[in-house]
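Here the structure comes first, spelled out in structure tokens, and everything after it is commentary.
The values are calculated or read from the model by the stated rules, or taken from the named source; none is laboratory data. All of these numbers come straight from a predicted model, not from anything done at the bench. Cβ coordinates were reconstructed from backbone atoms using ideal geometry, including for glycine residues, and neighbour counts include every protein chain displayed. All accessible areas refer to the heavy atoms of the entire protein, side chains included, with ligands and DNA or RNA removed. Shrake-Rupley method; radii C 1.70, N 1.55, O 1.52, S 1.80 Å.
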Amino acid sequence: MVFSENDESCINVGWKPHHVEKGYQLNDNVITATSFSMWGNNVTPATDLPEEIMKVLAWDITEKNLGALGSASIKDNADTHRLIFITEPVASALATKYKSKESLENALVENARRPLYMRAYAYYYANTGDVLNKSFDDVYNELKYTDSEDAKSTASPPWINGITYSEIDTVATMIKGNTDIIVTGDSSRNKVQVMPGGISVTKKVKLSDNWNNLVTSVNYPQIDSYILSEQDNTITPPVNVPSVLTNGAYRILDPVSGSANLTREGRVYYDSESMTLYYYAYGASGKTSVSLDGNKDSSFISYLTNLGYNSSFTVNKGKITDITIRFSSNEQKLRNNTIALTDKSFKGINLTLHANNTSNSNSAGGIAKDGATIEMSSAVTSYTVNLDGDIVMGDSTDINFVKLSGTKVTVNTSVGAGATAVIGSANADGTFRTMTFINGGDGTYKIIYNTANTLSNMDSVFYLKFNNQETTDIFNKTYNNDIITVIKELPAGKYTFNIYNSATGKLYGKNDTVITDSTNRLILVNAGNACVLNATGGTYEFKYEISTNRLSIYSANDYNIPTGDCNGDGKFDIADVILLQKWLLSVPNTHLADWKSADLCEDGKLDVFDLCIMKRLLFNN
């Protein structure tokens, strides 16, 4: 097949045309030829959410196997070349999140993953080779530990959620650099089509010196009429805001409910249908409206739209000087998509991310909700954060991802996709209001707000204080972020203790409480008297559930700490990991000699979280 991209449509959405990506100049005459092994599915996305369109594409890529089922070799399963045709309406939606074709490809590589069990099943039972000479388990593990398969434990692909575990083993179906993305014509249709197999070749075409005369003779335009120019699609700060907005701070309302709620000074919303700005001016007795000019005020309209509802801006002498993007207080609209804004969008402007927690206010609106998310462009790397309190750094999977200095955050998205980091401010009950940063690896990252989270998997802020605080033992984090533990050797004797929260300076205890060796579900209260432990001697585990203030104490005499030895051979090794994995996958004739030894989460059930902890323990050992 020979094709030419609709370069103008590509530029309109902010992407480089295919031939420019290949090193040619924008107005060079270029043509691309490619071959396919099969026709792709005809996909018509029914949403304008860019991440969901990307996931539909990822699903289509994993669903459309190249060649016969199971025929891909163990060396080149993911090494498939593809061409993806995308019409302009779909590309426009995708480009609001994925600022380049490369960032879209990165997201597809990360998300287009096939469950390892499906890959192993097809490779084992639908392969024309000699794999049937091996056992299914042998083939499964061979695929799992082959570098080219890129097998790893990931979140279950969204298209099979509800029929599998939340985390499963998956393998890659794509390799970076093997996919060409083409924006096509037909601007009236929303359609994508993935064409698997084959490779493409791009060549420059030299036109005849007599080209203009030739085309004019048959009533076609001359070549100069097709000349394109580069476009800068960056949303930059408006040079001036509408003159009706005098010096002051203004919060942006949702146009749907704005009219009914526009009752306090400093609130504005823009009605795109009527091109009308509604506002409540400082000192005025009621709301006012003004018609905006779609051309003259276009930069302000674009800016206002992309900042999102509940955000606010400060005007000083007709210019925007400060921006506050807020986590949503609306249960129905928890996601604030600001990824169209880059570092240039905030040049000369102070940017703050604020999760309003203290009270409803004219300037900040409602209190931020759990799960409220702000999506940011990876170009926006530095700003102030506000959690209505002192902010501390929590756990990070990569110490280079997020840095905190006072209230200033610096983000480095060059780290691996999926990197996470947490910052937080303490609540009175020992939990934290947190912002969790997640690197998308596709030119964006998310920040998710939680009103009552634990802060870190590294160091706890809780201490066990014995005998009138003469000794102090720090609680250790577990893989359940809400549970922390202290394991301590105690000689026989009488001990008094409290739990101390170093972040808030509060002590927790329980009046008139005496424990002999063990207790379960003891609810502690702030400023409660010290508890008394009568120990007969030995090893004791103190387990504290932060969200409920529940303390449990276990003596080694009557508490069997899980060991991971689920096959009952008296030792913990790789054989136990393989056995639990097979049991979770429902492999026939799989039996656990001691299932409680595998319940490392200690929640009375076996699932993929126990397997993850078991793998980590094996690695650490």
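Tabulated data
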read-out: Candidate set: segment 378-401, residues that are in contact with a strand residue (DSSP E or B) (Cβ under 7 Å, 6 or more places away or on another chain), among the β-branched types (Val, Ile, Thr) and modelled with pLDDT of 90 or more; chosen: the one nearest to residue 366 (Cα to Cα); value: 385
read-out: Test: residue 61 is aliphatic (A, V, I, L, M), in a helix (DSSP H, G or I), in contact (Cβ under 8 Å) with a residue 12 or more places away in the chain and under 29 Å from residue 191 (Cβ atoms); value: yes
read-out: Members of segment 110-142 found to be open to solvent by 30 Å² or more (accessible area, probe 1.4 Å), aliphatic (A, V, I, L, M) and in contact (Cβ under 8 Å) with a residue 60 or more places away in the chain, listed by number; value: none
read-out: Enumerated strands (runs of 3 or more DSSP E) restricted to segment 505-621, each holding at least 3 residues that are buried (at least 18 other Cβ atoms within 10 Å of the Cβ) and of a type outside the set (Gly, Ala, Ser); value: 538-545, 550-555
read-out: Residue count, segment 498-535 (criterion: without any contact (Cβ under 8 Å) to a residue 40 or more places away in the chain, more than 17 Å from residue 556 (Cα to Cα) and among the hydrophobic types (A, V, I, L, M, F, W, C)); value: 8
read-out: Subset of segment 51-76 [crowded, with 16+ Cβ neighbours inside 10 Å, in contact with a helix residue (DSSP H, G or I) (Cβ under 6 Å, 6 or more places away or on another chain) and within 23 Å of residue 124 (Cα to Cα)]; value: 59, 70
read-out: All positions within segment 152-205 that are out of contact with any Lys or Arg (no Cβ under 8 Å at 6 or more places or on another chain), of a type in the set (Gly, Ala, Ser) and at positive phi; value: 162, 177, 198
read-out: Enumerated strands (runs of 3 or more DSSP E) restricted to segment 322-419, each holding at least 2 residues that are in contact with a His (Cβ under 8 Å, 6 or more places away or on another chain); value: 382-386
read-out: Test set (1) more than 24 Å from the chain's Cα centre (by Cα); (2) buried (at least 18 other Cβ atoms within 10 Å of the Cβ); (3) closer than 30 Å to residue 589 by Cα - residue 180 fails condition number; value: (3)
read-out: Hits in segment 152-168 (condition: within 13 Å of residue 609 (Cα to Cα), over 17 Å from the mean Cα position of the chain (by Cα) and not in a loop (DSSP other than H, G, I, E, B)); value: 168
read-out: Sole residue being touching a residue at least 40 places away in the same chain (Cβ under 8 Å) and farther than 28 Å from residue 432 by Cα, chosen from 564, 568; value: 564
read-out: Answer residue from segment 326-340, given it is within 20 Å of residue 313 (Cβ to Cβ) and aliphatic (A, V, I, L, M) and is most open to solvent (accessible area, probe 1.4 Å) among those; value: 340
read-out: Wholly within segment 187-262, strands (runs of 3 or more DSSP E) carrying at least 3 residues that are closer than 30 Å to residue 72 by Cα; value: 192-196, 200-204
read-out: Subset of segment 1-28 (residues that are part of a loop (DSSP other than H, G, I, E, B) and either open to solvent by 70 Å² or more (accessible area, probe 1.4 Å) or small (Gly, Ala, Ser) (or both)); value: 1, 4, 14, 16, 22, 23, 25
read-out: Matching residues, segment 29-44, being at pLDDT 90 or above and either more than 20 Å from residue 179 (Cα to Cα) or open to solvent by 70 Å² or more (accessible area, probe 1.4 Å) (or both); value: 44
read-out: Selected residue (criterion: surrounded by the fewest Cβ atoms within 10 Å (Cβ to Cβ)) from residues of segment 229-249 that are more than 15 Å from residue 277 (Cβ to Cβ) and in contact with a helix residue (DSSP H, G or I) (Cβ under 6 Å, 6 or more places away or on another chain); value: 231
read-out: Filter result (surrounded by fewer than 16 Cβ atoms within 10 Å (Cβ to Cβ), over 20 Å from residue 41 (Cβ atoms) and not acidic (Asp, Glu)) within segment 188-211; value: 188, 199, 201, 203, 204, 205, 206, 207, 208, 210, 211
read-out: Some residue of segment 412-420 being open to solvent by less than 40 Å² (accessible area, probe 1.4 Å), over 30 Å from residue 549 (Cα atoms) and at pLDDT below 85; value: no
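Residue-wise test of (1) modelled with pLDDT under 90; (2) more than 24 Å from residue 406 (Cβ to Cβ); (3) under 20 Å from the mean Cα position of the chain (by Cα).
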{"residue": "333", "(1), (2), (3)": "yes, yes, yes"}
{"residue": "340", "(1), (2), (3)": "yes, yes, yes"}
{"residue": "351", "(1), (2), (3)": "no, no, no"}
{"residue": "361", "(1), (2), (3)": "yes, no, no"}
{"residue": "365", "(1), (2), (3)": "yes, yes, no"}
{"residue": "371", "(1), (2), (3)": "no, yes, yes"}
